[in-house]
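The values are calculated or read from the model by the stated rules, or taken from the named source; none is laboratory data. No experiment lies behind these values; they were computed from the predicted model shown. With ideal geometry, Cβ positions are generated from the backbone for all residues, glycine too; neighbour counts draw on all protein chains shown.
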Amino acid sequence: MTGFSIQRVRFQRQAVDAWARGDARHTNWPVVYVIDSSGNRRKLYVGETVNTATRMRQHLAGSKKHEGLESIRVVVDERFNKSVCLDLESHLIRWFHGDGQYELLNGNDGLTDAQYYDRDLYRESFRDVFEELRAEGLFSRSIPQIENSDLFKLSPFKALNDDQAVAITDIVEGLLEDLQHPDARSTLLVQGEPGTGKTIIAIFLMKLLADIRAHQDHDDVQPDSMFAEFFVPENRDLLTDLRMALVIPQQSLRESVRKVFKKTPRLDPAMVLTPFQVGESDATFDLILVDETHRLGQRANQASGVQNKKFREINAALFGADDPRYTQLDWIKARSRHQLLLVDGEQSVRPHDLSPAVLSAEVHAARDLHRHYQLTTQMRVQAGADYVEYVRALLRDEHPERPDLGDYDLRFFDDLGEMCDAIRARDAEVGLSRLVAGYAWDWKSRREPSAFDIELDGVQLRWNSTDKDWINAPGSLDEVGSIHTVQGYDLNYAGVIIGPDLRVSSNSGRIVADWDAYRDKKGKERTGHLAETFDDDDLLVFIRNIYGVLLTRGMLGTYVYVCDPRLRERLFTALN
């Protein structure tokens, strides 16, 4: 479906008035428009309207944020209607933010993903609009390149699904109510399996709160947005001095989110903190959001002597003594009035992660206070939530009924070289396809870059050469990512190597952990709540969780190579 035109006019009152007289559709037809500026600080605004001339005059007379904008492009198509325009507006906002060329002046409160007649046909034409704008220099990359980027995937400019939108609404309502009482303290909790959008909830919420705080009476807000009711002066006043932060325990994901905040107006990379930074801070935060809460640490042996010292010092400063029962979650509660915890207990992968007992207590407390929000809609894996739960059940040695995977590309390989070739082929086709593996091989290349870490079927491979943003790093296609580089990320295709650390026992016929084959020293350290009782069953839980994460990274497909012959046969039979 084509037939659109892009009309251009200067962002000036006289030019807009003259343009308005040239065509009746300029004052009475649904359109989408883009206003941008050039120069060192490139700014851009995307909107939709049925009266373009009037809307442009409002922009010219309105918010200071539009100062410096220079030119308007209006997308006109005789087949457009209001639903199409809202959809195209949402697509362009997401693509512009994901491209990262412009400072996007839009809020994130009005993006839609509604169904309407002939939506798929209209969306084909959106790509033609994109290409024409790209030809004029407004985009620097193709749609696949943009949509494969972390800036796009972790962007706060998302059209939320129903349970995400309901959770955001309830969280904001509860927080605004609590903020009216200076002495109130609260802990809210969002729970969801891999791919349900927990990280997006945190990022979206921070952007929304920042927009409400900065809102001026003459600013435009989508009137039919479910968040429109929050953009009122009394809420702005409540949020004026709000000090908020996002804590992310994993280094790789933390660095990626900081890059997104750097490109997002009203958000700042300094808002993204480590748990240690919160513990050492002299400030009290009004709101701390914690992504991957299950990865927060206990008072256990840390990654370095420096961190062990810091842990003791923070405990002493906050609680008067270095009591082993205090965790990084306790630091966060001590340093903030309100917390939003995003949790999936089945993604804990090391003994010093928060214990199941602590996580369970937080979940039950949030439920009792009606501050628990469950995410169920699968946003990552095309095969849906049934696939995620099926994989987890298989790893738990259960025998669930195989779900309908639809077009999801799930394959097993007997030859690792063939799987490597297949992942390369998928990367050439759609990008963002990587090899990942359980930690069942020593990381020799860390100290000796020329050494190989994984050698199977005549194939020699190395672990990830960086632990920061590995997925997008040069050379990552030739390497194998560990759990610590991919947790929290999306891939188009994941090639998963299930190592000898997980096997089927020849005696019991059960899936078991192989203590000797598992090479993550921190992953089997007798520490934290497992200092006295860490056994093979405890290790099995962590290894199972690791593979549960790895097998749910691929949006379009997952390719699997299993080292243990008995486990290979069992999984192949179950998944085919």
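Here's a check for you: in region 437-465, which residue that is surrounded by 15 or more Cβ atoms within 10 Å (Cβ to Cβ) and among the polar types (S, T, N, Q) is farthest from the chain's Cα centre (by Cα)? Filtering region 437-465 for residues that are surrounded by 15 or more Cβ atoms within 10 Å (Cβ to Cβ) and among the polar types (S, T, N, Q), the one farthest from the chain's Cα centre (by Cα) comes out as Ser445.
Considering Ile93, Ile35, the condition of being in the same structural domain as Asp113 (by TED's automatic domain parsing), modelled with pLDDT of 95 or more, among the aliphatic types (A, V, I, L, M) and in a strand (DSSP E or B) is satisfied by Ile35 alone.
Name the residue, out of Ala428, Ala422, Ala451, that is among the aliphatic types (A, V, I, L, M), assigned by TED's automatic domain parsing to the domain that holds Tyr559 and assigned to a loop (DSSP other than H, G, I, E, B).
After ruling out the rest, the residue left standing is Ala451.
When Gly3 is tested against (1) out of contact with any strand residue (DSSP E or B) (no Cβ under 8 Å at 6 or more places or on another chain); (2) free of Cβ contacts under 8 Å to residues at least 40 places away in the same chain, only condition (2) is not met. Selection of first residues in region 98-121 that are at positive phi and touching a residue at least 60 places away in the same chain (Cβ under 8 Å) and of second residues that are buried (at least 16 other Cβ atoms within 10 Å of the Cβ) and aliphatic (A, V, I, L, M), restricted to Cβ pairs under 8 Å at least 6 apart or on distinct chains, gives the following pairs, ordered by first then second residue: Gly100/Leu151. Pairing each residue of region 437-459 that is basic (Lys, Arg) with any residue that is outside any strand (DSSP E or B), provided the two are 6+ apart or on different chains, yields C-beta distances under 9 Å for Lys444/Ala451; Lys444/Phe452; Lys444/Asp453; Arg446/Asp453; Arg446/Ser465. Before we move on, is Leu395 closer than 25 Å to Val486 by Cβ, touching a residue at least 24 places away in the same chain (Cβ under 8 Å), surrounded by 15 or more Cβ atoms within 10 Å (Cβ to Cβ) and not assigned by TED's automatic domain parsing to the domain that holds Ser505? For Leu395, the condition - closer than 25 Å to Val486 by Cβ, touching a residue at least 24 places away in the same chain (Cβ under 8 Å), surrounded by 15 or more Cβ atoms within 10 Å (Cβ to Cβ) and not assigned by TED's automatic domain parsing to the domain that holds Ser505 - is not met.
If we only count strands (runs of 3 or more DSSP E) wholly inside region 501-576, which ones have 1 or more residues that are buried (at least 16 other Cβ atoms within 10 Å of the Cβ) and touching a Lys or Arg at 6+ places or on another chain (Cβ under 6 Å)?
Working: elements: 502-504, 511-513, 554-562.
Per the criteria, 502-504, 554-562.
Can you tell me which residue among Ala428, Ala365 is closer than 18 Å to Ala494 by Cβ and modelled with pLDDT of 95 or more?
Details: Ala365 fails: closer than 18 Å to Ala494 by Cβ.
Every option except Ala428 fails the conditions.
Arg434 passes every criterion in (1) surrounded by fewer than 16 Cβ atoms within 10 Å (Cβ to Cβ); (2) touching a Leu at 6+ places or on another chain (Cβ under 9 Å); (3) of a type in the set (Lys, Arg) apart from (1).
Yes/no matrix, rows are residues, columns are (1) surrounded by 23 or more Cβ atoms within 10 Å (Cβ to Cβ); (2) assigned to a loop (DSSP other than H, G, I, E, B):
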site	(1), (2)
Leu289	yes, no
Ala303	no, yes
Val306	no, no
Lys310	no, no
Glu313	no, no
Ala316	no, no
Asp322	no, yes
Arg325	no, yes
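Within region 181-205, the set of residues being over 17 Å from His294 (Cβ atoms), of a type outside the set (S, T, N, Q) and outside any loop (DSSP other than H, G, I, E, B) comprises Ile200, Ile203, Phe204, Leu205. Only residues that are over 15 Å from the mean Cα position of the chain (by Cα), free of Cβ contacts under 8 Å to residues at least 60 places away in the same chain and either over 28 Å from Ala202 (Cβ atoms) or not in a helix (DSSP H, G or I) (or both) were counted in region 137-168, giving 5.
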